[in-house]
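A short worksheet on the structure shown next.
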Amino acid sequence: MTDNGKKRMSAPDQKKPEHPLTRWLGPLLSLALIVGSIFVLHAQLAEVTLADVFDGFHKASFGQLALAIGFTVLSYVLLAGYDSLAMRQLGIKIRTAIVVFASFTSYAISFTLGFPLLTAGTVRFRIYSASGISSSKVMSLTLIAGMTFILGMATVVGVGLMWQAEAISAINQATAHINQLAGMAVLSVILVYLVWTAAKRRQVKIKQFIIELPTLGVSFGQLALGAADVCAASAVLYVLLPEGHGIAFETFAAVYAFGCILGIVSNVPGGFGVLEGTILGAFSTVAKADLIGALLLFRLCYYLGPFILALASLGVYEIVMRLSRGRAGVDQQDNHP
């Protein structure tokens, strides 16, 4: 073999330099969404006073609050199913109580703080690692659970555009035909994904992690579970709306899911401002003060309340774990000859 041949064999693979536009495209899109949301919110709130907001906030009845809390609990129970489905895909067996605890705390914290791969992944690793689950498995689980969330929202948006095309046309000013075509496009992408994963076992590589995509059976479970969770979460806000709003739940759920998608793309913690701007802009027939009051209550029920409970639960968990380790250390010393 010649020296030149040896050099070619031993030369490391050179990665193509990343184009500056590619590197900055994501942050620029996020910034554009944030700025756009601030502009929409400012325009929508221009004629709303603080007194109007408090009035709308206090209009909610005890029955509405009870329903909102009930749907919040239902949504977080369904979120625990995300982890269960991911564990089924990864072949992990673990106690249900641990799954529910890890799922609730990770989602409640990541929904409020944002950056779910970091925040939710950290909380999950802290809890699941105590049961012997490796960091790579936890990362895979977090990504698969995130896929369930995205599939569920996309399904609700697609079905909503198809089913409530006329109602949504009054919101986005597009014709019903255009909305139906958009809904068909979204559902077609989901169908193509299902066919692609059904053909054979698929894998994706994210940095050093190789993630095996869910099988067709698990993917159908993701669609159903994700859509049910998005409907439950949107119902929390829907039941807090003032009476006589005249908005069909199917229309509202589709707009809510779209607002959540924008919030995820913007990387704003909890989609704060982005979701509000979407809802306020979409349902202009409802008094803005009443909508803002409902949105504030929604934030308290679905985000702040679970967030505080999750932090308290994690604090108790850490104390129990430290006490358990302390007792185990004492027992080892006592048994040592």
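The values are calculated or read from the model by the stated rules, or taken from the named source; none is laboratory data. Values in this document were obtained by computation on a predicted structure and should not be read as measured data. Neighbour counts are summed over all protein chains in view; Cβ atoms, including those assigned to glycine, are modelled from backbone coordinates with ideal geometry.
The rows are residues; the columns are (1) surrounded by fewer than 17 Cβ atoms within 10 Å (Cβ to Cβ); (2) of a type in the set (Lys, Arg); (3) modelled with pLDDT under 85.
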position	(1), (2), (3)
Cys231	no, no, no
Tyr238	no, no, no
Gly273	no, no, yes
Ser284	yes, no, yes
Pro306	no, no, no
Leu311	yes, no, no
Val320	yes, no, yes
Gln333	yes, no, yes
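Table: residues versus (1) over 21 Å from the mean Cα position of the chain (by Cα); (2) crowded, with 18+ Cβ neighbours inside 10 Å; (3) closer than 18 Å to Ala86 by Cβ.
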| position | (1), (2), (3) |
| --- | --- |
| Val192 | yes, no, no |
| Leu213 | no, no, yes |
| Gly226 | no, yes, yes |
| Gly244 | yes, no, no |
Only residues in segment 88-117 that are closer than 20 Å to Gly217 by Cβ count as the first member; pair them with residues that are surrounded by 15 or more Cβ atoms within 10 Å (Cβ to Cβ) and among the small types (Gly, Ala, Ser), Cβ under 7 angstrom, at least 6 apart or cross-chain, and list the lot.
Leu90/Ser140; Val99/Ala80; Val99/Ser84
Taking segment 144-171 as the region of interest, how many residues are buried (at least 18 other Cβ atoms within 10 Å of the Cβ), in a helix (DSSP H, G or I) and not aliphatic (A, V, I, L, M)?
7
Which numbered condition in (1) outside any helix (DSSP H, G or I); (2) in contact with a Lys or Arg (Cβ under 7 Å, 6 or more places away or on another chain) is the only one that Leu141 fails?
(1)
Of everything in segment 248-274 that's assigned to a loop (DSSP other than H, G, I, E, B) and touching a residue at least 60 places away in the same chain (Cβ under 8 Å), which residue is farthest from the chain's Cα centre (by Cα)?
Ala248
Step by step: first the residues of segment 118-147, then only those that are of a type in the set (Gly, Ala, Ser), in contact (Cβ under 8 Å) with a residue 60 or more places away in the chain and out of contact with any Ser or Thr (no Cβ under 9 Å at 6 or more places or on another chain), then the one that is nearest to Glu212 (Cα to Cα). Which residue is that?
Ser140
Listed residues Gly263, Gly315; which is surrounded by fewer than 17 Cβ atoms within 10 Å (Cβ to Cβ) and either out of contact with any Ser or Thr (no Cβ under 8 Å at 6 or more places or on another chain) or modelled with pLDDT under 80 (or both)?
Gly315
Tally time: how many residues in segment 95-126 are β-branched (Val, Ile, Thr) and modelled with pLDDT of 90 or more?
5
On the basis of being assigned to a loop (DSSP other than H, G, I, E, B), under 30 Å from Thr197 (Cβ atoms) and not hydrophobic (A, V, I, L, M, F, W, C), does Pro214 make the cut?
yes
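Would segment 148-170 turn up any residue that is among the hydroxyl-bearing types (Ser, Thr, Tyr), in contact (Cβ under 8 Å) with a residue 40 or more places away in the chain and touching a helix residue (DSSP H, G or I) at 6+ places or on another chain (Cβ under 6 Å)?
Taking segment 148-170 and keeping what is among the hydroxyl-bearing types (Ser, Thr, Tyr), we get 148, 155, 169.
With the extra rule that they be in contact (Cβ under 8 Å) with a residue 40 or more places away in the chain, the set shrinks to 148, 155.
Subset that is touching a helix residue (DSSP H, G or I) at 6+ places or on another chain (Cβ under 6 Å): 148, 155.
Within segment 148-170, one or more residues are among the hydroxyl-bearing types (Ser, Thr, Tyr), in contact (Cβ under 8 Å) with a residue 40 or more places away in the chain and touching a helix residue (DSSP H, G or I) at 6+ places or on another chain (Cβ under 6 Å).
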